[in-house]
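Single-structure report; data block below.
The values are calculated or read from the model by the stated rules, or taken from the named source; none is laboratory data. Bear in mind the structure is a predicted one, so any value in this text is a computation, not a measurement. All Cβ positions, even for glycine, are placed from backbone atoms using ideal geometry, and neighbour counts span all protein chains on display. To get the accessible areas, we keep the full protein, side chains included, count just its heavy atoms, and leave off ligands, DNA and RNA. Shrake-Rupley method; radii C 1.70, N 1.55, O 1.52, S 1.80 Å.
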Amino acid sequence: MVVYSQTGELDLAHKEAPLLVDTISTCRQLGIDHHVLTSEQVASRWKQIRLPDDYCAVLIPQAGTLHATNSVNMLQRLASHHGAEVRGRVKVVGMCSRSGGGHVVLHTDTLGDVLADKCVLALGPWAHKFLDSNLALPLALSSQQITVAYWHLTAPDTYDDTFPVFLHYSQPYIYGMRCPAYPGTLKVCRHAGQEIDPDTDGLQLDECGIDDVRSFLAMFDGVDRSFPKVTQRCYYTMSPDHEFVIDKIPGHSQILLASACSGQGFKFAPVVGQILADMVASRKPKYDMRTFSIERPGVL
């Protein structure tokens with residue numbers, strides 16, 4: 001079972017873009033292997049990419065792709081191996097907790113009530129509604145629906161398994177990669193979407209986002225830009241500053257919140273899990289958690 005494919009990552013932007021300059025500076029400070037390439041050097045290595053003359057790229061060789069389904073299966077098996085009970089397709093419809101401590105009671109649709117000494121809430125796009133209705137905690141979180149688009153490759157042989165993940169420093173970002181689950185396509189999406197209610201809103205294509213990606217793909221040969229071959233939806237849970245929220249619920253120290261990952265949480269799951277395990281066990285995490293405080297300005 002393949003969990004990770006090291007393809008390298010190619011960050012693309014105007015050569016004077018502040019974010020790209022910051023990326024290069026950070027790589028140098030932290031000793032991360034990277035290579036700054038001109039548009040000509042990019043075209044020499046990947047003939048299907050045609051960057052404008054005033055662009056450059058940063059190649060980070062150790063980066064790559066996490067295969068989502070395999071990664072989730074691996075983590076669930078590891079959790080089970082260490083004693084966890086994984087119960088899928090159970091909806092938590094409510095909860096109650098005494099302020100200041102005590103047991104937490106989770107109300108479910110199929111398992112009845114579940115009693116816990118401590119509880120970690122990883123609520124995704126339902127975080128705002130659930131916390132407000134069950135704990136009277138109206139956090140400034142929003143839910144976005146992202147249109148995930150897979151574009152048909154007219155020359156699939158030029159986009160093999162070694163083709164790098166790429167990120168365009170536009171506003172918002174555009175990112176892309178090969179996806180083995182959809183052979184003959186290139187997954188390219190805008191890293192932003194439309195604000196929605198996850199309980200009532202269905203899949204609506206983000207036509208503006210599709211147009212942005214279509215324009216960006218003009219730099220890539222061998223891609224049919226007329227319309228995505230496959231589209232899906234993905235939910236982001238956004239905080240105002242786009243940082244995570246990982247903290248105890250104020251007034252309910254036995255409840256932890258891990259949400260509002262702002263569209264970048266999946267790849268951090270193992271380290272977030274370690275942080276939460278430390279917090280549940282009353283151990284001090286080895287990371288500075290102030291950035292992720294629930295009581296930071298703009299969130300609570």
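Report every pair of residues separated by at least 6 positions or lying on different chains whose Cβ atoms are under 7 Å apart, first residue within segment 129-141 and touching a residue at least 40 places away in the same chain (Cβ under 8 Å), second open to solvent by 40 Å² or more (accessible area, probe 1.4 Å).
Listed by first residue and then by second, the contacts come to LEU139/HIS128; LEU139/LEU300; ALA140/PRO240; ALA140/GLY298; LEU141/HIS128.
Quick one: in segment 277-300, which of the residues that are polar (S, T, N, Q) and open to solvent by 30 Å² or more (accessible area, probe 1.4 Å) is nearest to HIS82 (Cα to Cα)?
By that ranking, first place goes to SER282.
Tell me, which residue of segment 46-66 that is loosely packed, with under 14 Cβ neighbours inside 10 Å and of a type in the set (D, E, K, R) is farthest from HIS14 (Cα to Cα)?
Step by step, filter segment 46-66, then rank; the result is LYS47.
How about segment 14-65: which of its residues are small (Gly, Ala, Ser), in contact (Cβ under 8 Å) with a residue 12 or more places away in the chain and assigned to a helix (DSSP H, G or I)?
Scanning segment 14-65 gives a single hit, SER39.
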